[in-house]
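Below you'll find the structure, written out as structure tokens, and then a few comments.
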Amino acid sequence: MTAYPDFSALPDAKGHFGIFGGRYVGETLMPALLELEKNFESIRKDKDFQRELLILLQDYAGRPTALYAADRLSDMAGGARIFLKREDLTHTGAHKINNTLGQVLLAHRMGKRRVIAETGAGQHGVATATAAARFGMACTVFMGKEDIRRQAPNVARMKLLGADIISVEEGTATLKDAMNAALRHWTACVEDTFYVIGSVAGPHPYPLMVREFQKVIGEEAKEQFLTRTGGMPDLLVAAVGGGSNAMGLFFPFLDTKVEMLGVEAAGEGLEGRHAATLLKGSVGVLHGSKSYVLQSEDGQILEAHSVSAGLDYPGVGPEHSLFKDCGRVQYTAITDIQALSAFKLLTLSEGILPALESSHALAAAILEAKKRPKTQSILVNLSGRGDKDMANATNHPEFAVINAELLLKA
Amino acid sequence: MNRIRNMFEQCRNRKEAALIGFVSAGDPDMETSRKIIFSMLDHGMDLLEIGIPFSDPTADGPVIQLASQRALKAGVSLGTALKMVKEIREHYPTPIVLFSYLNPILAHGPEKFCKDAAAAGADGVLVVDMPLEESGELLPFLEASGLVSIPLVAPTTPEDRMEIICRNAKGFIYLVSMTGVTGSGGLHTDGAGAMARKVRAVSPVPVALGFGISEASQVAALVPHADGIVIGSAFVRVIGETADREKIPAILGKMTKEFKKACTHSR
């Protein structure tokens, strides 16, 4: 049996997950990161903080979320039984709220009056604006111009929540550039502003902090699954852009024998435009941490592509890079068309409209289910709901001709 | 390394601050960039910072970000930047510091980068997203190649941390004059000057102030408090805004002369 690192002991004191992670930022931000780390370590052990967060997660965000046996979908796939962890049922409609409630509560405790965030699909922006409204804090969200176009309902929603939206037009005008803009802005107002990062990416302590706020997904799922079936699932499946929903589901299962599959966006195909950072990238430094990145031979960051704005990112959380290298988690990729097929299939078979991000995980789960016996079970993180994606999905040039057969007969 | 030390010593003897200029290698194109740099050196630039373009320069404001984009569009890579250093070194003894983000250096290979940079004639390297804590993988190679790592100190840096950075410093300290990215407006020269005095009191090496300094009057106000003044975005903005590229070298030469004059006047 392969010996894995002791994941519970990572990151180390300097924020490294093996060779990955760290704090690669300009000196101006270093003191703020050190202060944040100190504050985060203190609230991890603070019973009052943890109690307040628990109440928020229950009464405000709607936790625990359901564990649902998607039996009609499973029957169609004709193999292993598929279960869904329903993060789409949380307040604001995605797992992102778990993290923003934690970070905004921390910001409030630190006496910050203002939060900023970057967003791709808009789910993290909405979740941050929501938490900021709940705590009466000012909120500015940086969003790529291209994503503003793709995710109009979320933009309108953030504005209603009182957030300022800054349209980022540089570079590819997507999540990567929104994060660049947020980092620049934070550098200028680091003394009174808290930066709420939405994924297990960025400089230490963000990958650790976001993991700790998201692992509630896996902790709940583990208990629910045990109660329901008396055992463990055979396989966990989750989409990976930056990787927070996957980390949230996977982390509490790392010390078990459960298999795990992270699903990246293959976009138009792995030889064309895609966002499969772990599968096709190489080790580099982007947005404050060392991890796999999509880059040229000269170390210039490449443009990522996915139909899903939340996966359209040329980087990935450093802890996923470690999981990949040591083999604890397997990673695969799903194309735009396959994801749209799963999007249609879940809606038709179960009456659940999944986010395009989550549709990537679903598509991979369906393909896996077909290969496995009925006695096995697969747990998918249904990380968000798809209302925001309606226009974007239906406008896809091939949407009308995409059907479920594509996945079921693959 | 000796070139940096000697230059600061000569400036001190002449009772003037060193003028440090930043341009992005290959901005707006290789040929014009070479002419710009030669013109700046001919007009009294004391130290040259050459930027290696990067697609995602998060510590820079829009002016230098655009310069990076122009250079990348012109096909400039880390390799072409090193070629430019070599060419300058054939004609000028002026100290040269390479200004880069870490990723292009890692892609080139940290050890190979240090060897190549030293061979080209560079004296130091400033990696903007490599704080002290993460310098372990580059520092040994820099030292082995005889290059210095130029550390940053920021207005947000607490005193104890500043002392640690200074204790390890070689070459000079790059003191960030304001909380923000490069090319920001609203510099308070009084505050920046006070900060520079504090850092100078503990630093064994010269202290240069940079970020947001764009006018000769600001330079003159800061010169009594610092060993060097860094001008970047003010030069780069002109490169970006001047349609007739042939005119840029002369304009930047003239600007260099004016800034250098401000470096000598008030001491």
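From A:T394, A:T347, which residue is modelled with pLDDT under 95 and not small (G, A, S)?
A:T394
Scan the stretch B:151-172 for residues that are within 14 Å of chain A (Cβ to nearest Cβ), touching a residue at least 40 places away in the same chain (Cβ under 8 Å) and either farther than 19 Å from B:E134 by Cβ or under 16 Å from the mean Cα position of the chain (by Cα) (or both) and report the count. First the steps, then the outcome.
Here is the first cut: in the stretch B:151-172, the ones within 14 Å of chain A (Cβ to nearest Cβ) are B:151-166, B:168-169.
Still in the list and also touching a residue at least 40 places away in the same chain (Cβ under 8 Å): B:153, B:155, B:162.
Right, trim to either farther than 19 Å from B:E134 by Cβ or under 16 Å from the mean Cα position of the chain (by Cα) (or both) and you get B:153, B:155.
Adding up the residues that qualify gives 2.
Just name the residue that is surrounded by the fewest Cβ atoms within 10 Å (Cβ to Cβ) out of those in the stretch B:128-144 that are within 14 Å of chain A (Cβ to nearest Cβ) and either farther than 22 Å from B:D60 by Cβ or aromatic (F, W, Y) (or both).
The residue in question is B:G136.
Only one of B:L222, B:L147, B:L175 is touching a residue at least 40 places away in the same chain (Cβ under 8 Å), crowded, with 23+ Cβ neighbours inside 10 Å, farther than 27 Å from B:K261 by Cα and touching a helix residue (DSSP H, G or I) at 6+ places or on another chain (Cβ under 8 Å); which? Working first, answer last.
Numbers: B:L222 fails: farther than 27 Å from B:K261 by Cα; B:L175 fails: farther than 27 Å from B:K261 by Cα.
Criteria check complete, one pass: B:L147.
Quick one: which helices (runs of 4 or more DSSP H) lie wholly within the stretch A:336-410 and hold at least 2 residues that are within 25 Å of A:E259 (Cβ to Cβ), in contact with a helix residue (DSSP H, G or I) (Cβ under 8 Å, 6 or more places away or on another chain) and hydroxyl-bearing (S, T, Y)?
Where helices (runs of 4 or more DSSP H) fall fully within the stretch A:336-410 and carry at least 2 residues being within 25 Å of A:E259 (Cβ to Cβ), in contact with a helix residue (DSSP H, G or I) (Cβ under 8 Å, 6 or more places away or on another chain) and hydroxyl-bearing (S, T, Y), they are A:336-350, A:356-371.
List pairs: first in the stretch B:80-106 and more than 21 Å from B:N2 (Cα to Cα), second hydroxyl-bearing (S, T, Y), Cβ under 7 Å, 6+ apart or cross-chain?
B:L102/A:Y24
Residue-wise test of (1) farther than 19 Å from A:A9 by Cα; (2) of a type in the set (G, A, S); (3) at pLDDT below 95; (4) touching a helix residue (DSSP H, G or I) at 6+ places or on another chain (Cβ under 7 Å).
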{"position": "A:K176", "(1), (2), (3), (4)": "yes, no, yes, no"}
{"position": "A:T193", "(1), (2), (3), (4)": "yes, no, no, yes"}
{"position": "A:V210", "(1), (2), (3), (4)": "no, no, no, yes"}
{"position": "A:K215", "(1), (2), (3), (4)": "no, no, no, yes"}
{"position": "A:A221", "(1), (2), (3), (4)": "yes, yes, no, yes"}
{"position": "A:T227", "(1), (2), (3), (4)": "yes, no, no, no"}
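Taking A:P5, is it within 25 Å of A:S282 (Cα to Cα), surrounded by fewer than 18 Cβ atoms within 10 Å (Cβ to Cβ) and in contact (Cβ under 8 Å) with a residue 24 or more places away in the chain?
yes
Given the criterion at positive phi and modelled with pLDDT of 95 or more, identify the matching residue among A:G231, A:G262, A:G299.
From the options A:G231, A:G262, A:G299, the qualifying one is A:G299.
Specify which of the listed residues (B:S233, B:S217) is more than 21 Å from B:N6 (Cα to Cα) and under 18 Å from the mean Cα position of the chain (by Cα). So that I can check it myself, show each step before the final result.
Numbers: B:S217 fails: under 18 Å from the mean Cα position of the chain (by Cα).
So the residue among B:S233, B:S217 that is more than 21 Å from B:N6 (Cα to Cα) and under 18 Å from the mean Cα position of the chain (by Cα) is B:S233.
Give the residue, chosen from B:G210, B:G185, that is farther than 21 Å from B:G44 by Cα and within 14 Å of another protein chain (Cβ to nearest Cβ). Please lay out each step first, then the result.
Details: B:G210 fails: farther than 21 Å from B:G44 by Cα.
So the residue among B:G210, B:G185 that is farther than 21 Å from B:G44 by Cα and within 14 Å of another protein chain (Cβ to nearest Cβ) is B:G185.
Mind counting the residues in the stretch A:295-314 that are buried (at least 24 other Cβ atoms within 10 Å of the Cβ), farther than 14 Å from B:L102 by Cβ and within 14 Å of another protein chain (Cβ to nearest Cβ)?
Final tally of qualifying residues: 3.
Yes or no: the stretch B:106-120 includes at least one residue that is more than 7 Å from every other protein chain (Cβ to nearest Cβ), in contact with a His (Cβ under 9 Å, 6 or more places away or on another chain) and either part of a helix (DSSP H, G or I) or basic (K, R) (or both).
Scanning the stretch B:106-120 turns up at least one residue that is more than 7 Å from every other protein chain (Cβ to nearest Cβ), in contact with a His (Cβ under 9 Å, 6 or more places away or on another chain) and either part of a helix (DSSP H, G or I) or basic (K, R) (or both).
Select, from A:A156, A:A182, A:A201, the only residue that is part of a helix (DSSP H, G or I), out of contact with any helix residue (DSSP H, G or I) (no Cβ under 6 Å at 6 or more places or on another chain) and buried (at least 18 other Cβ atoms within 10 Å of the Cβ). Lay out the reasoning, then the answer.
Numbers: A:A156 fails: buried (at least 18 other Cβ atoms within 10 Å of the Cβ); A:A201 fails: part of a helix (DSSP H, G or I).
Matching residue, one of A:A156, A:A182, A:A201: A:A182.
Can you say whether B:L19 is more than 14 Å from chain A (Cβ to nearest Cβ) and either crowded, with 24+ Cβ neighbours inside 10 Å or among the β-branched types (V, I, T) (or both), as far as the supplied structure shows?
yes
Name the pairs: first residue in the stretch A:173-196 and at positive phi, second residue of a type outside the set (S, T, Y) and assigned to a helix (DSSP H, G or I), Cβ to Cβ under 6 Å, at least 6 apart or on different chains?
Pairs found: A:A173/A:K145; A:A173/A:E146.
Mind listing whichever residues of the stretch B:28-45 are assigned to a helix (DSSP H, G or I) and either of a type in the set (A, V, I, L, M, F, W, C) or over 14 Å from B:V236 (Cβ atoms) (or both)?
Residues of the stretch B:28-45 assigned to a helix (DSSP H, G or I): B:30-42.
Residues satisfying the conditions are B:M30, B:E31, B:R34, B:K35, B:I36, B:I37, B:F38, B:S39, B:M40, B:L41, B:D42.
Suppose we filter the stretch B:250-267 for residues that are at pLDDT 95 or above and farther than 17 Å from B:D46 by Cα; how many remain? Working first, answer last.
Initial filter on the stretch B:250-267 (at pLDDT 95 or above): B:250-263.
Now restrict to residues that are farther than 17 Å from B:D46 by Cα: B:250-251.
The qualifying residues number 2.
So, A:V263, is that one part of a strand (DSSP E or B), within 14 Å of chain B (Cβ to nearest Cβ) and in contact (Cβ under 8 Å) with a residue 12 or more places away in the chain or not?
Answer is no for this residue.
Identify the residue in the stretch B:51-78 that is of a type in the set (A, V, I, L, M) and part of a loop (DSSP other than H, G, I, E, B) and, among all such residues, is nearest to the other protein chains (Cβ to nearest Cβ).
Going through the qualifying residues, I end up with B:A59.
Filter the stretch A:11-31 for residues that are among the hydrophobic types (A, V, I, L, M, F, W, C) and either more than 7 Å from chain B (Cβ to nearest Cβ) or without any contact (Cβ under 8 Å) to a residue 24 or more places away in the chain (or both); which is surrounded by the fewest Cβ atoms within 10 Å (Cβ to Cβ)?
A:A13
Within the stretch B:87-105, restricting attention to residues that are of a type in the set (S, T, Y) and within 14 Å of another protein chain (Cβ to nearest Cβ), which residue is farthest from B:M30 (Cα to Cα)?
B:Y101
Filter the stretch A:204-241 down to residues that are part of a helix (DSSP H, G or I) and under 14 Å from the mean Cα position of the chain (by Cα), then give me how many there are.
Going through the stretch A:204-241 one residue at a time, the tally reaches 12.
The values are calculated or read from the model by the stated rules, or taken from the named source; none is laboratory data. Quick caveat, the model's predicted, so the values are computed rather than measured. Neighbour counts run over all protein chains shown; Cβ positions are idealised from the backbone, glycine included.
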